[in-house]
Amino acid sequence: MENIYIRNLKKTDWSIISSAMNVFTDSRNQKTVDELWFTEHNAIFTTGILEKNKNIIKPIDNIPIVQCNRGGKIAYHGPGQQLVYILINLKLKKINIRDFLFLIEKVVINTLKKFHITAYTIKNAPGIYINKKKFCFIGLRIKNHCSLYGISYNINTDLSVYKKINPCGNKFIKVMNLIDILPKITMKIFRKKFIQTFLNIFQYQAKYKSAYNIFDKIY
């Protein structure tokens, strides 16, 4: 069973993590251990490669908007939302892109089952849904057989910002916080169950690493 390094980066600036993630991926070789990064970001909107800002429906004055090299449309990230960056060599793991997406969805759905919550996917609307509302967002890129970016899910974030955009380019999507149905949930509690489920489904053994040495090659 392969190892995977797990890092809890706490609250970070999106631009720093994006740079670190791309540097990490560009410098990988066949001996590089896969990694899983958990973080919260300061408030920001990110757009995928093909997004033309058509999904901004109200003025955004106080939150930056940046384009990144992932797929998908516009997304919001901010405090109270967990980002999970999944940095895996799919070729060495012998996983194709379709199976990779399926396994990610399975991790989230099975984690929610541990809290007695039924979640599901919707065709042509990537992500995980609970009671007709979107809980988990997925945005990925594959570069040299390695994955970048990953998922985000709302624990207790400011949902009012979603009124300024069509989330993921879909004006019909409604979003939710997990705290709305689990009042005592915390990011730490859910993250612990998520990691357990991820390790089981992807067949990894966890190695916990420092949050800080990922930045060494940037500065």
Q.
Cβ-Cβ under 6 Å, sequence separation 6+ or interchain: first residue in region 8-30 and buried (at least 19 other Cβ atoms within 10 Å of the Cβ), partner in a helix (DSSP H, G or I) and of a type outside the set (A, V, I, L, M). Which pairs?
A. A20/F215
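Each row is one residue, and each column tells you yes or no for (1) polar (S, T, N, Q); (2) touching a strand residue (DSSP E or B) at 6+ places or on another chain (Cβ under 9 Å); (3) not in a helix (DSSP H, G or I).
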residue: L103; (1), (2), (3): no, no, no
residue: N110; (1), (2), (3): yes, no, no
residue: I117; (1), (2), (3): no, yes, yes
residue: T121; (1), (2), (3): yes, yes, yes
residue: K134; (1), (2), (3): no, yes, yes
residue: S147; (1), (2), (3): yes, yes, yes
residue: F190; (1), (2), (3): no, yes, no
Q) Only one of T111, T121 is out of contact with any Cys (no Cβ under 9 Å at 6 or more places or on another chain), more than 21 Å from R191 (Cβ to Cβ), surrounded by 16 or more Cβ atoms within 10 Å (Cβ to Cβ) and of a type in the set (S, T, N, Q); which? A) T121
Q | Residue count, region 46-78 (criterion: in a strand (DSSP E or B) and either at pLDDT 85 or above or surrounded by fewer than 18 Cβ atoms within 10 Å (Cβ to Cβ) (or both)) | A | 7
Q) Given I218, I201, I173, which one is modelled with pLDDT under 95 and either out of contact with any strand residue (DSSP E or B) (no Cβ under 9 Å at 6 or more places or on another chain) or assigned to a helix (DSSP H, G or I) (or both)? A) I218
Q.
When you check I128 against the structure, is it surrounded by 22 or more Cβ atoms within 10 Å (Cβ to Cβ), in contact with a helix residue (DSSP H, G or I) (Cβ under 8 Å, 6 or more places away or on another chain) and more than 18 Å from I6 (Cβ to Cβ), yes or no?
A. yes
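The values are calculated or read from the model by the stated rules, or taken from the named source; none is laboratory data. Values in this document were obtained by computation on a predicted structure and should not be read as measured data. All Cβ positions, glycine included, derive from the backbone under ideal geometry; neighbour counts span all protein chains shown.
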